[in-house]
Structure formats: structure tokens, C-alpha cells
Amino acid sequence: MKLKNKVALITGASSGIGKETAKLFSKEGAKIILTARDSDKLKQVEEGIKDAESFSMDITDKKEVDDVVKKIIHKYGKVDVLVNSAGIARWGPIQDITHEDFEEQVKINLIGSFNCIKAVVSSMIANKSGSIVNVITSTVKNTKANRVAYAASKYGQAGLSNAVHEDLKEKGISVVAVYPGKTDTPIHDPYLDKNDTSRESMLKVSDVAEKILEAALLKVEDDVKEISINPR
């Protein structure tokens, strides 16, 4: 029970990496706060996880994020762990990507992460403890074609994570970026059939969830800024 008595707020918890992380954290004893935009999917996830509570939350909406975090802190007194796993991907080269697609990815992948960190940071500083895990992507380490909007938003998220790590490491708060390689999640569904054999070579969400748990358990004095995981 590595997370016994810990309150863990997980974004993007209605599917994929966020959902699997919530299940794993629950097994480790955490009180799970599930958030995502799709309330119906969230409720389904909540029903399958012990000691979980869900809030419909759009991470691009600053007020909505602040209100949800205030409710959590009022009820539980703290947020011990924040996992920023919400994100979207719209593939396309610079000549095809629309302004709307670019802006949406920046709002969700970068500004959404900022909003969530900003909402919990005062409480964590007051408690002189906390863990923030930002789920990014190996695209930041090895950018390929047709990733212009996704890569730009994720490079921004990586910069945010690294800077916040430096800001908070003297205040008892660990901030770690997790860089998963290509992972078999619904993010690929618009581009790959669910039975496509290429999915077999991808990381499983359970592999990434284990790495997120590892990141969440790091001590601030370890001064670890990032962890990568790639398919074998």
C-alpha cells in the first residue's frame, strides 16, 4: 500500500493512461479523484475503482479547475498527488494543420496542465509536500513528421514541467515528467483500427501506469526531473 492515505487527483481519467493509473493507485491505497470532460465515462470508471470520486472537469477552464480543487481540499484537506495525464493528439503537417487544431492542442496539453498545477500548488506548498507527475511523450525526444501541433504543445508541457520542478524542489514538492513511447490508447483510434497489428508493438497502458507510480513515489531530495519508458 505505497499510497495509503494519499489523495491523488488524476486528469484524463475516463480512458487510457489516466484510467489505468487510477486503478493502480487505488490498489496502492490512494483515495482517487477522477477528472475528465466525459462524465458518463467517468462514472463507469468510478464504479470499478475502490474509494474513488469523480468530477467532470474541463482542464482548459481555469475557474472550473479551481472550483473542483477547492471542493477536494475542503473535503479531504489536501491533494498529495497530481497526475496530469489528460491530452489530445491531432496528427498533421504544418501545411494541413488548422489554427483551430493547433490552438486546441495547446489549450489542453499545455494550458490545461498549467491550470491544474496552479490550482494545487498553494496547498502543496502550505503542506510542504506533494508530488506532481506530468505525462508527456517521447515525441519531445524524437519528433517525427505530421506532429507539428502535438509536438509544439508537448514541448511546451515539458518546459513547464522542468521549470516547475526547479521552482518547487526546495519547497518539499517533487515534479517529474514521464515520457512514454507510443502507447496503445484511444488516442490512436482515429488513425488505427483497434485490431491493427501495429498496436502489438506499442506500450501497454499498464506499463506506463507503473512508471507514473514510480514517478509519484520519488522523494523530492532525489531531484529527478524526468523518466522515460519505451516499447521493447
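What follows draws every value from the coordinates through simple rules; no lab data is involved. Keep in mind that what you see is a predicted model, and the values were worked out from it rather than measured. Every residue, glycine among them, receives a Cβ derived from its backbone with ideal geometry; neighbour counts consider all protein chains shown.
Under 5 Å between amide hydrogens, built in the peptide plane, is the criterion, and for Glu226 it picks out Ala177 among residues at least 5 positions away or on other chains. Only helical runs count toward this figure. For the chain, summing -39,500 (n - 2.57) over DSSP H runs of n ≥ 4 and dividing by all residues gives -12500 deg cm²/dmol at 222 nm. When the C-alpha to C-alpha distance is required to be over 32 Å, the pairs from Lys50/Lys144; Lys75/Lys182; Lys19/Lys118; Lys41/Lys70; Lys6/Lys194; Lys31/Lys182 that qualify are Lys50/Lys144; Lys75/Lys182; Lys6/Lys194. Rounded to two decimals, the Cα-based Rg/Rh of the stretch 7-229, with Kirkwood Rh, is 0.95. Rounded to whole numbers, the Karplus 3J(HN,Hα) couplings from phi for the stretch 197-213 are 5, 5, 5, 5, 8, 7, 5, 8, 4, 5, 5, 5, 4, 4, 5, 5, 4 Hz, using 6.51 cos²θ - 1.76 cosθ + 1.60 with θ = phi - 60°, and x at Gly and Pro. Ordering of 18-28, 152-162 by packing is 18-28, 152-162, highest average first (other Cβ atoms within 10 Å, averaged per residue). Highest mobility in the GNM of the chain, judged by mean-square fluctuation with C-alpha springs under 10 Å and restricted to Lys169, Lys75, Lys50, is found for Lys75.
Taking amide H atoms as placed 1.01 Å from N in the peptide plane, the amide H of Ile97 has no partner under 5 Å among residues 5 or more positions away or on other chains. Per-residue Karplus couplings for the stretch 33-43, computed as 6.51 cos²θ - 1.76 cosθ + 1.60 with θ equal to phi - 60°, are listed in order as 10, 8, 9, 5, 7, 8, 5, 5, 5, 4, 4 Hz, Gly and Pro entered as x.
Taking the centroid of alpha carbons for each part, the stretch 15-65 and the stretch 183-232 are 18 Å apart.
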